[in-house]
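What follows is one structure encoded as structure tokens, with my remarks underneath.
The values are calculated or read from the model by the stated rules, or taken from the named source; none is laboratory data. Computed from a predicted model, the values in this text were never measured in an experiment. Don't worry about glycine lacking a Cβ; one is built from the backbone with ideal geometry, like all the others, and counts go over all protein chains shown. Surface accessibility is based on the protein's heavy atoms, side chains included, excluding ligands, DNA and RNA. Shrake-Rupley method; radii C 1.70, N 1.55, O 1.52, S 1.80 Å.
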Amino acid sequence: MFTNTDYDKLQQLMAESPENRALLEKLLASHEESVASISHEIRNPLTLVYSTVQLLESRHPEIASDRYWISLREDVEYMQQLLADLSSLNHSRTLSLSEFSFRSFMEQVVLSFAASCADSPVEFTSRLSPDLPVIKGDRIKLREIFLNLLRNARESIKGTGAIRLDASCTSTEIIVTIEDTGCGIPEEHLPHIFEPFVTYKKGGTGLGLAIADRTVRAHGGEIAVTSAVDTGTRFRILLPV
């Protein structure tokens, strides 16, 4: 699996000559096709296994409380999520572009997340600049990025806390910040959180932030993080207008 540093070096090599670009694009396409093929071959039998698990549980409901059965079910569900995230990572640089109002788009994201916090001790607030422009981007992938960052923020808070989202713009870029008062990230972990399969969250696949980073980069933007343990975390996403 290529890291973000690997991709940056490949981009530099591509820029050196048309021959390099053609060869490396062929290499990347082959790499993505291989990952997709392997994921597909694993997903099919895994789906059958999960279907069997559900069937057995429906016929023998008493096993649903057995700790070994619970562990088996969780492991299968984790593998399904891992394959889904791997597929998303593999296609994170392939965008389906359309023009849309970024303010209307962010209003939908905010409303969706606010509804999930309705019965939670976490306070969610947002501020959207009225002059957010129309942009060209992949709205489905961008929506998943923002909702995933917001969900991560909520999961980092134990008990009461606060999450704030701000979206503003300049003449050249849109700035979105997501801040929380959660547990924070140790300083030594910060340089690695966007690398694939790096996770410090129980049950996490370690692909969510890697997907976010690659998708934002594919849009020509940047994502950065600052954090302090027991204080909170702040993600800052820049997208070109």
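Please specify each residue of the stretch 57-71 satisfying the condition of being assigned to a helix (DSSP H, G or I) and open to solvent by 70 Å² or more (accessible area, probe 1.4 Å). Within the stretch 57-71, S58, R59, P61, E62, S65, R67, Y68 meet the criteria.
From the list F146, F197, F235, the one residue that fits, being among the aromatic types (F, W, Y) and open to solvent by 40 Å² or more (accessible area, probe 1.4 Å), is F197.
If we keep just the residues of the stretch 207-241 that are in a helix (DSSP H, G or I) and among the β-branched types (V, I, T), which is nearest to the chain's Cα centre (by Cα)? In this case the residue turns out to be I211.
Residues in the stretch 114-143 that are of a type outside the set (G, A, S), touching a strand residue (DSSP E or B) at 6+ places or on another chain (Cβ under 7 Å) and either part of a strand (DSSP E or B) or open to solvent by 50 Å² or more (accessible area, probe 1.4 Å) (or both): V122, E123, F124, T125, R127, L128, D131, V134, I135, K136, R139. Would you mind stating whether S71 is in contact (Cβ under 8 Å) with a residue 24 or more places away in the chain and farther than 26 Å from H219 by Cα? Judged against the criteria, S71 is not a match. Can you tell me how many residues within the stretch 93-113 are open to solvent by less than 80 Å² (accessible area, probe 1.4 Å) and either within 30 Å of S58 (Cα to Cα) or touching a strand residue (DSSP E or B) at 6+ places or on another chain (Cβ under 9 Å) (or both)? Number of matching residues: 12.
Scanning the stretch 75-92 for residues that are surrounded by fewer than 15 Cβ atoms within 10 Å (Cβ to Cβ) and touching a Gly at 6+ places or on another chain (Cβ under 8 Å) returns a single hit, Y78.
Is it true that Q54 is modelled with pLDDT of 70 or more, closer than 26 Å to V216 by Cβ and not hydrophobic (A, V, I, L, M, F, W, C)? Here the answer is no, as Q54 does not meet what is asked.
Within the stretch 157-188, if we keep just the residues that are farther than 16 Å from S120 by Cβ and charged (D, E, K, R), the residue that is least open to solvent (accessible area, probe 1.4 Å) turns out to be D166.
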